C-alpha cells in the first residue's frame, strides 16, 4: 500500500470514534471505506495531496462541511461529495444528528494511471478526465443524489457475503464512469450557505418550536427574516434534512404524544396547543403518524 493511502487511513481512524471502520482495497490505488460513527465536531487536517481524490457518500445521518470562509455545505442521505485531498485541507467536519453512516472511496491518480482497472485501461479517466475536471482548481464538488447514483451507491450495501467484493469492484467502476460524463451544472450541485443565513435558519427553527400553537407561513417568515422564500425552504431542508413543513409536523406530533401521556388536557386542547384548529384534522394527522387514534394512544 502506498504512503498516501496510509495517510488517508489515519484520517479515517480519526473519524472513527464510536463506530465501525472497514477498509477494502478494490484495485491498485483505489480503496473503499465504510463508516458508521458518532462524533462531536472535529477538525480534519492533513498534508495537501492534489493527486488523491476522495468521494464521500452519505447513507444516513448528516455530514456538515465548514469551509475556510465559514460557509457550510450539508450532506444529507443520498448526497455525495468529490474532491482532491488538497481541497479539504483544514476543513472542519461535524455530524449534527450524532450518527453518521456512509462510505468513502479514495483514488490515487498516480497509481491508477500506472495500473488502471482492466475495464478502464483505454478510458482516459485517470489520465485526463478526472485531473481536468477535479484537480485543476482544487475545488470541492457537492452533488445531490438522484435515482441513478442511489442505484449505484445502494449496491455497496446488503449484498451476500460471498458476492460483496465483486459488487464493490463493479459498482466503483460504474460510479467512475458515471462521474466521468456528468455535467456539473448548478442544479446538480448542493448549495454552499453563508453562516449568517444558517444562523437565521436556526432562529426560524427555534421560533417555530416555541410558537407551535401558531401557524406561521413561509411568506411571513420570509418577510420577518428578509430571506427569499425559495432560499428559506431550500436552506431549511439542507440544515435539518427534511422540508420545513415535515420537520415541524414531526415536532407537533411528538409534543402532542407527550401531552397525551403527561397531562389531563382534552384532545381538543392538545390539538390547539400544537397548531390545529380542527380536532378532527389533528386526530387524522395523529393517526397517520402513530397508526393509532389519540384516545387509544393515551390509554396505551
Taking a ≥ b ≥ c as the square roots of the eigenvalues of the Cα gyration tensor of the range 258-300, is the shape rounded (a/c under 1.5), prolate (a/b larger than b/c) or oblate? oblate
Share of Cα-Cα pairs in the range 195-299 beyond 23 Å, whole percent, is 33
Which of 193, 240 has the fewest Cβ neighbours within 10 Å, and the rest in rising order: 193, 240
Nearest 0.05, what FRET efficiency do residue 99 and residue 122 give at R0 = 35 Å with Cβ-Cβ as r? 0.25
Over the range 195-299, calculate the relative contact order: mean separation of alpha carbon pairs under 8 Å at least 6 apart, over the residue count, as a percent. 23
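Within 10 Å of each residue's Cβ, count the other Cβ atoms and sort 122, 79, 108, 206 from fewest upward.
So the residues, fewest neighbours to most, are 122, 206, 79, 108.
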Two pseudo-spin positions, 7 Å from Cα along C-beta at residue 218 and at residue 245, lie apart in nanometres by 0.8
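Laboratory data are not the source of any read-out in this text; all were calculated from the coordinates shown. None of the values given here were measured: they were computed from a predicted structure. Glycine gets a Cβ as well: all are built from the backbone with ideal geometry, and neighbour counts include every protein chain shown.
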